[in-house]
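In what follows, a structure is listed as structure tokens, so that the remarks can point back to it.
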Amino acid sequence: MSKPKPAPLPSGTVVGGYQIVKKLAAGGFGVVYLAEGENQQMVAVKEYLPASLAERSAGELTPRVKPDKQPLYRLGLKSFFEEGRSLAQISHPSVVSVLNFFRENETVYMVMNYLQGDTLQDFIVTARDLKRDKVFRESTIRSLFDEILRGLRIVHQHKMLHLDIKPANIFITNDNKAVMLDFGAAREVLNKESNFIRPMYTPGFAAPEMYRRDGTLGPWTDIYAIGACIYACMQGYPPNDAPQRLEKDRLALSLSRLRNVYSDNLIEVTEWCMSLDPLSRPQSVFALQKELARETERRYTKLSFGERLKLQIETLKTGAKA
């Protein structure tokens, strides 16, 4: 029987001067609420509440943490607080704005701009269900990731990593701005420190080094996830996850099916970002931006009859093994 998740704060609760309206979302490491601040400003409030470490019954405010789990809970709390402090220093339209962060009820709360719109994941699913040849036009993909990379470059300049870039964490606002949400520093600290916590990786978007306790993380780790997001925008589905790819890598085969649909440059950039070897990827956001900007060199390679035949045979083989 699975352990019950900690209960969210009830509507009407006031924390740090913000009144909780309702729960918006919950994950393994926290709960996000819609809340009302001063002057009736609507904000999103994220509460540090790791489900594997803390318990809370309905109507309670303070999480209950068993003594043996306290050191790990405190470690994640410290990382979550530091993440809030770092994000509050960043002002960029593509990075979620942290307006405030504070300690209360023996946990930490991060107050952010409340955004209205849909996630990139929602857009991908909708476009895929329309069964178009192209999930998104290439110009759309390039302009979207140009925006995201501008924000990510600022994040990296502040010596931070996102560590959980995926379509569900890229938000497209109603006024067509792309914003990165849900940074994963606290999650990553807890994953590295203890076998107790099941890694919260999103299959397909986490780089291979994130699955290893001794893996060296850096800008190249976020860049792998960017490549996987571009792939999802082209294919409509996430790529195979890193452990599967390490056993048998079908990325090049999958991307070759997109030749003549997307430019050689975009396909090559995606494959470059998603190299299994971290040293073979772009080592900085700037290097990736430079390559993505080379629109003048857009070429489309048409598949020959023989290549199409080989692809069909390989696809049938893959389907038969699945």
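The values are calculated or read from the model by the stated rules, or taken from the named source; none is laboratory data. Computed from a predicted structure; not experimentally measured. Glycine also receives a Cβ, built like all others from the backbone with ideal geometry; neighbour counts cover every protein chain displayed.
Taking the stretch 62-168 as the region of interest, the strands (runs of 3 or more DSSP E) fully inside it that hold 1 or more residues being out of contact with any Cys (no Cβ under 9 Å at 6 or more places or on another chain) and of a type in the set (Ser, Thr, Tyr) are 107-113, 117-119. For Pro67, work out the one condition from (1) in contact (Cβ under 8 Å) with a residue 24 or more places away in the chain; (2) out of contact with any helix residue (DSSP H, G or I) (no Cβ under 6 Å at 6 or more places or on another chain); (3) of a type outside the set (Ser, Thr, Tyr) it doesn't fulfil. The one condition Pro67 does not meet is (1). Screening the stretch 238-284 for helices (runs of 4 or more DSSP H) wholly inside it with 3 or more residues that are touching a Leu at 6+ places or on another chain (Cβ under 8 Å), surrounded by 19 or more Cβ atoms within 10 Å (Cβ to Cβ) and modelled with pLDDT of 90 or more returns the ranges 264-273. The residues on offer are Thr140, Thr126, and the sole one that is surrounded by 14 or more Cβ atoms within 10 Å (Cβ to Cβ) and either in the same structural domain as Val261 (by TED's automatic domain parsing) or in contact with a helix residue (DSSP H, G or I) (Cβ under 7 Å, 6 or more places away or on another chain) (or both) is Thr140. Just name the residue that is modelled with the lowest pLDDT out of those in the stretch 169-205 that are of a type in the set (S, T, N, Q) and not in a loop (DSSP other than H, G, I, E, B). Checking each candidate, the answer is Asn191.
Residues of the stretch 1-32 that are over 19 Å from the mean Cα position of the chain (by Cα), surrounded by 17 or more Cβ atoms within 10 Å (Cβ to Cβ) and under 24 Å from Val65 (Cα atoms): Pro6, Pro8, Leu9, Val15, Ile20. The one condition from (1) closer than 19 Å to Met112 by Cβ; (2) of a type in the set (S, T, N, Q); (3) in contact (Cβ under 8 Å) with a residue 24 or more places away in the chain that Gln19 does not meet is (3). Considering the stretch 80-95, and only residues there that are under 20 Å from Leu49 (Cα atoms) and crowded, with 19+ Cβ neighbours inside 10 Å, the residue that is modelled with the lowest pLDDT turns out to be Glu83. Take Thr221 and decide whether it is assigned by TED's automatic domain parsing to the domain that holds Ala252, of a type in the set (Val, Ile, Thr) and part of a loop (DSSP other than H, G, I, E, B). No, not satisfied.
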